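Heads up: the structure comes next, in structure tokens.
The values are calculated or read from the model by the stated rules, or taken from the named source; none is laboratory data. This is a predicted model, so every value here is computed, not measured. Cβ placement follows ideal geometry from the backbone for every residue including glycine, while neighbour counts extend to all protein chains displayed.
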């Protein structure tokens, strides 16, 4: 029997992998044992919702201090800045601007040098591996003797630690890129997997050009959780609107609040909701399960035409890893998207979800008060993935409330506006749209286990 480890540290792993055909097909594979690694406070939840007789769930605590924690933090920050994308350049400057610490200035110079040298990148990965903590997962490698490790979020700090342990025990690694912004926003890959699974051709290009991945070791598989989007709605429009208490005959707007992570002193989301509530339309407000809006954590302005959706299972409020998105949450998002006429949001993956379903997208680029470039939301639309989307015409920016109302009116009159731009973005970042992405992921992992990959390509 073959054994694989699967990392499940990011809250969207449930959405991206565990609730999809990727995981369902792996659990049905003959002679395959799966060990899921999760945050210890989620162990019971993951075990109840996803484990079967051949699936083992191991809870990992990351609270214990490490003797190498400071060193690991330095390597994390160096990798973060060792990428000369527009996204990272903006972040480098922001760190220096906000904190005025010379270490960030130094990291900027070092990171820029590393980003332009393949040799320096290789050296940094080797140094990262040499300094990595290699005993957190030691007992699990010894107990289960895995044949491969599946890293579901290749740039996540916890996933990196598991991967470094896999290298130490000479176990081959299959890596995955979790989201469309990751390779241009989150810095340099700190290790190179033996096989990398990516959603699309554009992300494959980024893996090769920015992170030294070999063409032969990168497979395009699509986005597994979009398979259900390709299959369409599970309930009728009338059933859905009845379930949320709104009128199915009215036009509908979906608003995904921007959140406090993206805006300091966030008064914008409350302002936008109040504006949308004036319209003769249903308004669905779907909060992010991981990005809070403290101003509206409990209190959302009460309007007859507004439905509030607060998805996610919260285990605590300490970090982004303390939430999970259930399959029911994701099904509800599907119907919210399908039955909405216009989707409005900030720099959110909801925008890409909407584009997959060919829905018009309006991006909020204004505030109720005066904000500078670095104090508001505008800088985030200069990140590489959003610049691409805006330049190809997939999204429209609303720079004022007047523009917001105008764009809503235009899209309600003609939903085909900007369809060509949306198609370009869909091809670039969503990859295959045939509803078979989960099957491709599972197939790639099974084929990898069968292949003669005993010669591990180290850092």
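Of note:
- Qualifying residue in segment 428-445 (condition: under 30 Å from residue 6 (Cα atoms), exposed (fewer than 15 other Cβ atoms within 10 Å of the Cβ) and modelled with pLDDT of 95 or more): yes
- Qualifying residue in segment 223-242 (condition: within 28 Å of the chain's Cα centre (by Cα), without any contact (Cβ under 8 Å) to a residue 60 or more places away in the chain and over 14 Å from residue 306 (Cβ atoms)): no
- Helices (runs of 4 or more DSSP H) fully within segment 107-222 that include at least 2 residues being out of contact with any helix residue (DSSP H, G or I) (no Cβ under 8 Å at 6 or more places or on another chain) and in contact (Cβ under 8 Å) with a residue 12 or more places away in the chain: 118-131, 138-144, 157-168.
- Condition met for residue 95 (touching a strand residue (DSSP E or B) at 6+ places or on another chain (Cβ under 7 Å), surrounded by 14 or more Cβ atoms within 10 Å (Cβ to Cβ) and either assigned by TED's automatic domain parsing to the domain that holds residue 388 or assigned to a helix (DSSP H, G or I) (or both)): no
- Test: residue 245 is in contact (Cβ under 8 Å) with a residue 60 or more places away in the chain and under 30 Å from residue 427 (Cβ atoms): no
- Every residue from segment 390-420 that is outside any loop (DSSP other than H, G, I, E, B), under 22 Å from residue 379 (Cα atoms) and within 27 Å of the chain's Cα centre (by Cα): 390, 391, 396, 397, 398, 404
- Residues that are out of contact with any helix residue (DSSP H, G or I) (no Cβ under 6 Å at 6 or more places or on another chain), touching a residue at least 60 places away in the same chain (Cβ under 8 Å) and under 21 Å from residue 276 (Cβ atoms), drawn from segment 384-404: 404
- Condition met for residue 87 (part of a helix (DSSP H, G or I), surrounded by 14 or more Cβ atoms within 10 Å (Cβ to Cβ) and at pLDDT below 80): no
- For segment 24-47, the set of residues classified as out of contact with any strand residue (DSSP E or B) (no Cβ under 7 Å at 6 or more places or on another chain) and in contact (Cβ under 8 Å) with a residue 12 or more places away in the chain consists of 24, 25, 29, 41, listed by residue number.
- Strands (runs of 3 or more DSSP E) fully within segment 234-345 counting 2 or more residues that are surrounded by 21 or more Cβ atoms within 10 Å (Cβ to Cβ) and assigned by TED's automatic domain parsing to the domain that holds residue 370: 252-256, 282-286, 342-345
- With respect to being in contact with a helix residue (DSSP H, G or I) (Cβ under 8 Å, 6 or more places away or on another chain), over 18 Å from residue 273 (Cβ atoms) and assigned to a loop (DSSP other than H, G, I, E, B), residue 381 falls outside the description.
Results for (1) under 16 Å from the mean Cα position of the chain (by Cα); (2) closer than 26 Å to residue 141 by Cα, shown as yes or no for each residue.
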{"residue": "157", "(1), (2)": "yes, yes"}
{"residue": "162", "(1), (2)": "no, yes"}
{"residue": "172", "(1), (2)": "no, yes"}
{"residue": "175", "(1), (2)": "yes, yes"}
{"residue": "182", "(1), (2)": "yes, no"}
{"residue": "192", "(1), (2)": "no, yes"}
{"residue": "197", "(1), (2)": "yes, yes"}
{"residue": "210", "(1), (2)": "no, no"}
{"residue": "214", "(1), (2)": "no, no"}
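- Checking each residue in segment 1-33 for being surrounded by fewer than 22 Cβ atoms within 10 Å (Cβ to Cβ) and in a strand (DSSP E or B) picks out 2, 3, 32, 33.
- For segment 402-415, the set of residues classified as out of contact with any strand residue (DSSP E or B) (no Cβ under 7 Å at 6 or more places or on another chain) and under 28 Å from residue 86 (Cα atoms) consists of 403 only.
- Qualifying position, being farther than 24 Å from residue 323 by Cβ and in contact (Cβ under 8 Å) with a residue 24 or more places away in the chain, among 13, 71: 71
- So residue 50, is it in contact with a strand residue (DSSP E or B) (Cβ under 9 Å, 6 or more places away or on another chain), without any contact (Cβ under 8 Å) to a residue 40 or more places away in the chain, within 28 Å of residue 181 (Cβ to Cβ) and not assigned by TED's automatic domain parsing to the domain that holds residue 374: yes
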